[in-house]
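In what follows, a structure is listed as structure tokens, so that the remarks can point back to it.
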Amino acid sequence: MMRHLLRVIRRRVGPVAGAGAVLAGGIGGCVLVGAGTAQAAACPGTPVAAGTTCTDTGTLTFTGGALNLLSPTALGWTAVDTGIDQQLVDTTTAQQSYIVDDATGSGAGWNVTVSATTFTNGTVSLPNTGTFSTNGSITSIVATAGPTAACTSGATCTLPTDTSVTYPVALTTAATTPTAFKIYDALVNTGLGSITIGLPGAAPVGWWVAVPANAKPATYLSTVTLEVLSAP
């Protein structure tokens with residue numbers, strides 16, 4: 001009876017012990033394989049062991065902006081009648097420049113235009129032809145150079161190439177719907193970023209008004225319109 005009981009116990013315990021050995025072996029095998037392999041993992045939210053690299057993705061989304069013009073708030077001239085014809089220039093430093101900000105990134109180029117209504121005071125007016133002009137000088141109305149361009153402070157820019165404008169630019173005025181004249185341009189792939197046109201001490205924007213000796217003393221007003229357009 002005792003021998004029979006021992007045989008039954010051996011038969012039941014033996015398979016259980018064997019199964020335990022197989023299970024332990026399976027777990028041990030997984031641990032050894034995991035510990036012996038260095039694999040790159042994704043960094044976010046995944047702890048990695050010392051000496052193990054992980055990978056991440058850096059993304060910069062850079063969107064193009066707009067083409068803008070920051071023009072002078074006003075233009076002005078002052079003179080006393082001397083009995084001879086006079087060529088007057090705007091002497092206010094802040095009015096001798098303007099800023100073109102091309103943040104489009106397109107490289108399409110741009111151009112700046114100006115139009116002006118007749119300089120008038122009631123029924124008294126200055127001639128539409130030969131009165132208003134612009135160039136890159138505040139000392140000579142006949143200077144053939146354009147204003148100097150430079151990157152605006154704080155901006156890395158591509159300076160404009162201005163080759164299609166001939167200076168000085170004569171701006172013919174008109175009582176209504178005056179013609180817009182191109183006074184500066186940037187060829188394709190130039191003029192990118194924020195750019196100041198007209199620099200004091202270099203070549204500022206010269207805004208010139210011719211006053212004939214027979215003009216009636218008065219305050220003459222004109223609506224001067226500046227605009228920046230895409231393409232040279």
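Couplings for the range 179-191, taken from phi via the Karplus curve 6.51 cos²θ - 1.76 cosθ + 1.60 with θ = phi - 60°, read 6, 8, 10, 6, 10, 6, 8, 10, 5, 3, 6, 10, x Hz in order; Gly and Pro are left as x.
Across the range 221-228, rounded Karplus estimates of 3J(HN,Hα) from the backbone phi angles (6.51 cos²θ - 1.76 cosθ + 1.60, θ = phi - 60°) give 10, 9, 8, 9, 10, 9, 8, 10 Hz, Gly and Pro being marked x. Ranking of Thr156, Thr144 by neighbouring Cβ atoms within 10 Å, starting from the fewest: Thr156, Thr144. With K and R counted +1 and D and E -1, the other residues having a Cβ less than 13 Å from that of Tyr167 yield a net charge of -1. Residue by residue, the range 73-84 carries 3J(HN,Hα) couplings of 6, 6, 10, x, 9, 9, 7, 10, 4, 10, x, 10 Hz when phi is fed to the Karplus relation 6.51 cos²θ - 1.76 cosθ + 1.60 (θ = phi - 60°); x denotes Gly or Pro.
Since every read-out is calculated from the coordinates, none of them should be taken as a lab result. Given the structure is predicted, the values throughout are model-derived calculations rather than measurements. FYI the Cβ positions are ideal-geometry reconstructions off the backbone, even for glycines, and counts take in every protein chain you see.
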